[in-house]
Amino acid sequence: MTYYTSSTTALRFYDASSCSNTGPFAINFNGSAFPTATASTAWAAGNVIDLSTMTRYVQVPYTSAATTSPSLTVTFTNSGTTAGTTTTQQIVITNGSGKVLAVALAGVGSTQTTITATDTVTAGSSGSFYVLFTRVSDTTGGLRVWQTELTK
């Protein structure tokens, strides 16, 4: 897995005891993965995102897919304080080409939520899933990724 951020203060490591959650650990991102020009877009399955412009992401690679439908399940929380909408706070999972596979609202709260994305590939191929997020209107807290589960 790759955790990427273009800002030295935007990526943090938390243990569950420090933030009243089950865990054991989380990667916390502050800010948004999207550049300002595209941050407030309501993303939907099938849209294509230019991954080279992302400022923060989690990349989950896979090799030799045993199935034609690899999938990624991400467990997350949003510790921010502003209620989100589809144009202000979303979790987005894409494939390596930037095709949006799944979208979920990154609502405020400490309850862990899951999102699952499935891609269609040739058996035996390699690729990646990208976990992106928008937090346009929220300048507090962060998006915490607690668990990723890859089925290939």
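Shown is the FRET efficiency for SER52 and THR8, computed with R0 = 25 Å from the Cβ-Cβ distance and rounded to the nearest 0.05: 0.75. Where only DSSP H runs of four or more residues are counted, the chain gives -500 deg cm²/dmol as its mean residue ellipticity at 222 nm, each run worth -39500 (n - 2.57). Site pair LEU150 and THR87 shows an inter-label distance of 3.6 nm when each label is modelled 7 Å from Cα along Cα→Cβ.
If only the Cβ of Lys and Arg carry +1 and only the Cβ of Asp and Glu carry -1, the dipole of the chain around its Cα centre is close to 60 debye. Only protein atoms count toward the accessible area here, which uses a 1.4 Å probe; on the chain, the carbon and sulfur part of that area reaches 52 percent.
The values are calculated or read from the model by the stated rules, or taken from the named source; none is laboratory data. These numbers come from a predicted model, not from an experiment. All Cβ positions, even for glycine, are placed from backbone atoms using ideal geometry, and neighbour counts span all protein chains on display. SASA here: full protein model, heavy atoms, side chains in, ligands and nucleic acids out. Shrake-Rupley method; radii C 1.70, N 1.55, O 1.52, S 1.80 Å.
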